[in-house]
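Take a look at the structure below.
The values are calculated or read from the model by the stated rules, or taken from the named source; none is laboratory data. What you are looking at is a predicted structure, and each value in this text was computed from that prediction instead of being measured. Glycine gets a Cβ as well: all are built from the backbone with ideal geometry, and neighbour counts include every protein chain shown. Ligands, DNA and RNA are excluded from the accessible area calculation, which covers all protein heavy atoms including side chains. Shrake-Rupley method; radii C 1.70, N 1.55, O 1.52, S 1.80 Å.
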Amino acid sequence: MRTTIFIALMTMISFMASSQTKVLLKVGRNTITATLTDNEATRELTKLLEQGDITIRMSEYGGFEKVGALPQSLPTSNTQITTEPGDIMLYQGNQMVIFYGSNSWSYTRLGKIDGATASNLRQFLGNGDVTLTLSLESSVGIENVTSDAIKEEVIYDLNGHRITNKPLAPGVYIINGKQTIIR
């Protein structure tokens, strides 16, 4: 009984971690990833990004951040926050702010740049104004895998039952030992 509960809990934690929305931020030829916070603003932002990339002209402000206008306002849930390098915030409902320094103000948290440090962000964002392209990350990890041998897919549902009928309904499956979300 305890083993079953533990396995179910670990599967749920794994699913929650894997379901976080990742976005790509591109400046020139350089691209980094960020993980979005789950809130009303980021759900609306994700809906916008599902329609296509967003280009934002970002300006230097105060020596610790870049700020630029979003194509439309997003819902706010402002709280007093002290930022750190890599934080992505929503200011006044329609301004995206990327921090490479620290500031304390009332923002809505949008996310965090993965593995960000002040120095690598300054290098990525450059000096002065920049054009940033924001897009949804299409996949995480290896994109194309080829094999010399065709192998049968082994598919299980989260209850451990083997699935043989296809196509699969939307849901979470274990396919060849890897957790996969079918949308």
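Descriptive notes on the structure:
- Flag if Gly128 is surrounded by fewer than 10 Cβ atoms within 10 Å (Cβ to Cβ), modelled with pLDDT of 85 or more, within 30 Å of Ile88 (Cα to Cα) and small (Gly, Ala, Ser): yes
- Candidate set from region 109-123 (those that are assigned to a strand (DSSP E or B) and open to solvent by 10 Å² or more (accessible area, probe 1.4 Å)); member that is farthest from Leu25 (Cα to Cα): Arg109
- Leading residue by the ranking (nearest to Thr33 (Cα to Cα)) among those in region 79-108 that are exposed (fewer than 15 other Cβ atoms within 10 Å of the Cβ) and hydroxyl-bearing (Ser, Thr, Tyr): Ser102
- Scanning region 64-74 for residues that are farther than 18 Å from Leu125 by Cβ and open to solvent by 40 Å² or more (accessible area, probe 1.4 Å) gives Pro71, Gln72, Ser73.
- Test: Thr108 is on the phi < 0 side of the Ramachandran plot and touching a residue at least 60 places away in the same chain (Cβ under 8 Å): yes
- When residues of region 21-54 are limited to those that are of a type in the set (S, T, N, Q) and open to solvent by less than 60 Å² (accessible area, probe 1.4 Å), the one farthest from the chain's Cα centre (by Cα): Asn39
- Qualifying residue in region 140-155 (condition: assigned to a loop (DSSP other than H, G, I, E, B), modelled with pLDDT of 90 or more and among the charged types (D, E, K, R)): no
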